[in-house]
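Colleague: Questions regarding the structure given below will be posed in turn.
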Amino acid sequence: MSKNYIDLIDKNNIPAHVAVIMDGNGRWAKKRNMPRLYGHRQAMETVRLIVESCVDLGIKYLTLYAFSTENWRRPKDEVDGLMKLMTEYFIKEIDKLYKKGVKVRILGDIDNLPGSAKSCAVDAMERTKDNNILNMNVAINYGGRADILNSCKQIIQKVNSNELLIEDINEDIISEHLYTKDIPDPDLMIRTGGEKRLSNFLIWQLSYAELWFTDVYWPDFTKETLCNAIYDYQNRDRRYGGLNQ
Ligand code: IPE
Ligand code: IPE
Ligand code: MG
């Protein structure tokens, strides 16, 4: 009999921050002889379910990789469809998210999104800004390298205007200028869809995260799969370069 991870996990040792690369939507659809966008639409259902599961489990931060700076390379139809779906998601879900106490934050350069996607994302952030049950960060037009590059540029500007001394630049200063300012680094990073790479996701912030990979496609991901990842996380030894007794 397979394990019931929902009951097996230690409710007192839940990771504070779970980051997810939601991959495999296209292949999930292909397996069903359906267009890729059908997979992306189903992915929204999984997001709904996982947000609820995170609230239930007491996870404080959930970061979802929705669209990377590299995803612009996809055919225009798919990019347009993804933008529409994200807009639709925020319009449809915002009331529910608000009522659940979810605080939405977008990570990434939203200025270059189509107008409707940008305004829905901004509205979602504004509407939920005082919530504090679950911090839901959605990485849209996000790239880890772009994140670090932006941070460097802002810091250089501060040095040039004498707001900051070069000697005072440290790792915390770099972190404070990333899109994830004020968000603790992820404890657990989950990637669905079978690939074992970061694809430019939170490359600075994931330095000491536990990485968990599954072949399950994102549209098939459930609370049980999430708890399986948490269970494995709870059985790992996080040494941070030191030695645990
Ligand atoms: C992840 O699913 C969603 C995005 C990158 C937007 P994919 O669209 O990458 O699905 P696969 O990897 O092709 O199956
Ligand atoms: C990563 O998935 C990006 C998102 C899930 C948003 P990709 O499907 O774009 O990654 P690669 O191309 O397989 O590395
Ligand atoms: Mg993919």
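Colleague: When the helices in the chain are scored as -39500 (n - 2.57) per DSSP H run of 4 or longer and the sum is shared across all residues, what 222 nm value do you end up with, to the nearest 500 deg cm²/dmol?
Modeller: -14000 deg cm²/dmol
Colleague: Still on this structure, please answer the following. Stick to the Cα atoms of the chain, pair each with every other, and give me the Kirkwood hydrodynamic radius in Å at one decimal. Write out the running numbers ahead of the final one.
Modeller: Values: mean 1/r = 0.0526 Å⁻¹.
Mean inverse Cα-Cα distance, inverted, gives 19.0 Å.
Colleague: To continue, here is another question. Going by average Cβ neighbours within 10 Å, how do the peptides 37-44, 158-165 rank, with the highest at the top?
Modeller: Values: 37-44: 20.5, 158-165: 11.0.
The most tightly packed comes first, giving 37-44, 158-165.
Colleague: Just want to confirm a number: the relative contact order over the chain, from Cα pairs under 8 angstrom separated by 6+ residues, in percent. Walk me through the numbers before you get to the answer.
Modeller: Working: 376 pairs, mean separation 72.5, N = 245.
Dividing the mean separation by the residue count of the chain yields 30 percent.
Colleague: Per residue, how much accessible area does segment 133-243 show when a 1.4 Å probe rolls over the protein heavy atoms, in square angstrom?
Modeller: On the way: 5750 Å² over 111 residues.
Ligands and nucleic acids excluded, the figure is 52 Å² per residue.
Colleague: Something else: Rounded, prolate or oblate: which one fits segment 150-245, using the alpha carbon gyration tensor with axes a ≥ b ≥ c (rounded when a/c is under 1.5, else prolate when a/b beats b/c, else oblate)? Write down the numbers at each step before the final one.
Modeller: On the way: a/c = 3.43, a/b = 1.94, b/c = 1.77.
It comes out prolate by the Cα gyration axes.
Colleague: Shifting gears a bit: Would you work out if segment 1-137 is rounded, prolate or oblate? Take a ≥ b ≥ c from the square roots of the eigenvalues of the alpha-carbon gyration tensor; rounded if a/c is under 1.5, else prolate when a/b is larger than b/c, oblate otherwise.
Modeller: Details: a/c = 2.09, a/b = 1.21, b/c = 1.74.
In terms of gyration-tensor shape, oblate.
Colleague: Okay, moving on. Going 7 Å from the Cα of Arg48 along its beta-carbon direction, which residues of segment 93-112 have the amide nitrogen within less than 17 Å of the resulting point?
Modeller: 93-102
Colleague: Under a point spin-label approximation (7 Å from Cα along Cα-to-Cβ), what is the Lys181-Lys99 distance to one decimal in nm?
Modeller: 3.4
Colleague: Okay, next question. Length gain on complete extension for the stretch Asn112 to Asp130, per 0.36 nm per residue less the alpha carbon to alpha carbon distance? Could you put the intermediate results ahead of the total?
Modeller: Working: separation 18, 0.36 × 18 = 6.48 nm, distance 2.61 nm.
Fully extending the segment from Asn112 to Asp130 adds 3.9 nm.
Colleague: Same structure, new question: In the chain, with Lys and Arg counted as +1 and Asp and Glu as -1 at Cβ, which of these residues, Ile6, Leu82, Thr180, has the Cα nearest the positive end of the dipole, that is, farthest along it?
Modeller: The one lying farthest along the dipole's positive direction is Leu82.
Colleague: On to the next question. Taking 8 Å as the Cα distance limit and 6 or more residues as the minimum spacing, I'd like the relative contact order of segment 33-141 as a percentage.
Modeller: 39
Colleague: Could you calculate the FRET efficiency of Trp72 with Glu224 from 1/(1 + (r/R0)^6), where r is the beta carbon distance between them and R0 is 35 Å, rounded to 0.05? Don't jump to the answer; show the numbers that get you there.
Modeller: Numbers: r = 34 Å, r/R0 = 0.97.
For Trp72 and Glu224, the calculated efficiency is 0.55.
Colleague: Sticking with this one: Return, ordered by residue number, the residues of segment 30-49 whose backbone nitrogen is under 14 Å from a label point located 7 Å along Cα→Cβ of Asp56.
Modeller: 46-49
Colleague: A follow-up question, please. Could you check how much of the accessible area of the chain is carbon and sulfur, as a whole percent, using a 1.4 Å probe? Could you put the intermediate results ahead of the total?
Modeller: Working: 6490 of 13110 Å².
On the chain, the fraction of accessible area on carbon and sulfur atoms equals 49 percent.
Colleague: What Kirkwood hydrodynamic radius, in Å, does segment 111-184 give when the mean of 1/r is taken over all pairs of distinct Cα atoms and then inverted? Show your work: numbers first, answer last.
Modeller: Working: mean 1/r = 0.0695 Å⁻¹.
About 14.4 Å for segment 111-184.
The values are calculated or read from the model by the stated rules, or taken from the named source; none is laboratory data. These figures come from a predicted structure and were not determined experimentally. With ideal geometry, Cβ positions are generated from the backbone for all residues, glycine too; neighbour counts draw on all protein chains shown. To get the accessible areas, we keep the full protein, side chains included, count just its heavy atoms, and leave off ligands, DNA and RNA. Shrake-Rupley method; radii C 1.70, N 1.55, O 1.52, S 1.80 Å.
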